[in-house]
Amino acid sequence: MLQSGNPVFDADIEIRKTKQKLCLHSVQPVRDHVGKIYGCLLTLKKVSQSSRRSLKINHAKSPETRYTFDSIIGSSANFLKAVNMAKKLARSDVNILIQGESGTGKEMFAQAIHHESRPDGPFIAINCAALPRTLIESELFGYEGGSFTGAHRQGRPGKIELAHEGTLFLDEIGDMPVDLQPVLLRVLEEKKIMRVGGSRYIPVNFRLITATNKNLQDLMRENLFRHDLYYRLEAFKINIPPLRERGLDIVRLAKHFIETIAKKHHIPAPVLSNEAIFHLLKYSWPGNVRQLENAMLFAVNMSSGGVIKPEDLPVEITETEISHYTVDPDLKLGSAGIKNNLSIKEMEVIMIIQALLQTNNNVSEAAKILNLSRSTLYRKIKEYNLYGEIRKKRA
């Protein structure tokens, strides 16, 4: 701290001479009248064995480096556009706004950008919609001791202060109270904060990534979001498409989740039957990737014989009428599908399923789309055991 001038918070230390374990609650600079550091103030507290164990567990679960760009699965054109945009923006230090429906993976993108741009710094995430309105200011900016009833005597740093030299991720930014938005805007402009009840400014250096599943322009029209903050955030925007618009990524992700779940439970990974794939592609996935992961967890546990059948899927997936059809216009047989965990045979099955969904199970029209004869398509439908789904629709 004496070398850098940056405060330190919540670190475990050991006094070598006595082998005593202590928690270094904070080390903060002491400055003279011209701002020069001439000392520091240390706040220490003893740490019990259970507390140390808890601190280690929490640190191990820290999401700072959990996701990278290599962790992101998807090859649909609209999704790759979002990934490539994120990779480009990660190289600079600009504020980023990530937009997408709930469950599309906004925090995964934020963590990947952080890992690329500030991997040695902290990743501090806060959900603006999950915090009580009365606490959000103290959570963001921290507070000095005795600022309000129930406050810690030594005070506490806020999320922005903890994000120093790292990334601050504000999820559901559209739910931030309007009266707090100008304070955040000032922090972005001046790069310094003042704790609640404080009398001095603390310099901070962090990268801001915000995310929302709401239309911020609609909120502006309703005077629920400030124009000046919006234009400060929206200059660099990443739009993550919903799962229903990602074509074959539905199957790629399903297979990935199945393999991950099976590995975790130490069991062989079951395969998706063609009929199950049919249902996955026709479903609209309102909960997006998060819902798909839960559906595969359910299916793996319900399946038997090493195959996931339609009856092993959650009932809302198999009983829902076709509300959309998933078409991947760039779908071609070749290496692109293989490197994304799909064999050529699987891709052919999915091409047929997509054509059937697009034509509402009209075999003649589907044959034209696939550039196959009607008899060849019927033969392949029989080979891939898709007759059952066509009969259900006719019934």
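Out of (1) more than 27 Å from VAL27 (Cβ to Cβ); (2) not in a loop (DSSP other than H, G, I, E, B), what's the single condition that is false for LEU188?
(1)
Restricting the first residue to the stretch 256-275 and requiring it to be touching a residue at least 60 places away in the same chain (Cβ under 8 Å), which pairs with a second residue that is of a type in the set (Gly, Ala, Ser) and assigned to a helix (DSSP H, G or I) meet a Cβ separation below 8 Å and a spacing of at least six or different chains?
So the pair list comes out as GLU275/GLY388.
Would it be correct to say that LYS255 is at pLDDT below 90 and either assigned by TED's automatic domain parsing to the domain that holds PHE79 or not small (Gly, Ala, Ser) (or both)? Full working, then the answer.
Working: at pLDDT below 90: no; either assigned by TED's automatic domain parsing to the domain that holds PHE79 or not small (Gly, Ala, Ser) (or both): yes.
Criteria not met by LYS255.
Please find, within the stretch 285-311, the residue that is nearest to GLN99 (Cα to Cα) out of those that are assigned to a helix (DSSP H, G or I) and β-branched (Val, Ile, Thr).
Let us first name the residues in the stretch 285-311 that are assigned to a helix (DSSP H, G or I), namely 288-302, 310-311.
Adding the requirement that they be β-branched (Val, Ile, Thr) leaves 289, 300.
Working: VAL289: 15, VAL300: 31 Å.
Here the answer is VAL289.
Looking at the stretch 341-352, I want the residues that are at pLDDT below 80 and have a partner that is part of a helix (DSSP H, G or I) and crowded, with 21+ Cβ neighbours inside 10 Å with Cβ atoms under 6 Å, at least 6 apart or on another chain. Which pairs are those?
MET347/GLY337
In the stretch 125-147, which residues are closer than 18 Å to ASP175 by Cα and not in a loop (DSSP other than H, G, I, E, B)? Reasoning before the result, please.
In the first step, residues of the stretch 125-147 are kept if they are closer than 18 Å to ASP175 by Cα; the result is 125-141.
Within the stretch 125-147, ALA125, ILE126, ASN127, ILE136, GLU137, SER138, GLU139, LEU140, PHE141 qualify.
Are there any pairs with C-beta distances below 9 angstrom linking a residue in the stretch 130-142 that is at positive phi to a residue that is part of a loop (DSSP other than H, G, I, E, B), with the two at least 6 apart or on different chains, and if so which?
Close Cβ pairs (under 9 Å, with a partner that is part of a loop (DSSP other than H, G, I, E, B)) amount to GLY142/GLY155; GLY142/PRO157; GLY142/GLY158; GLY142/ARG195; GLY142/GLY198.
Per-residue answers, yes or no, for (1) surrounded by fewer than 21 Cβ atoms within 10 Å (Cβ to Cβ); (2) touching a Phe, Trp or Tyr at 6+ places or on another chain (Cβ under 6 Å):
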site	(1), (2)
ARG200	yes, no
PHE225	no, no
TYR231	yes, no
PHE236	yes, no
ASN239	yes, no
ARG246	no, yes
PRO268	yes, no
GLU275	no, no
PRO286	yes, no
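The values are calculated or read from the model by the stated rules, or taken from the named source; none is laboratory data. These numbers come from a predicted model, not from an experiment. Here the Cβ is made from the backbone with ideal geometry for all residues, glycine too, and neighbour counts use every protein chain on show.
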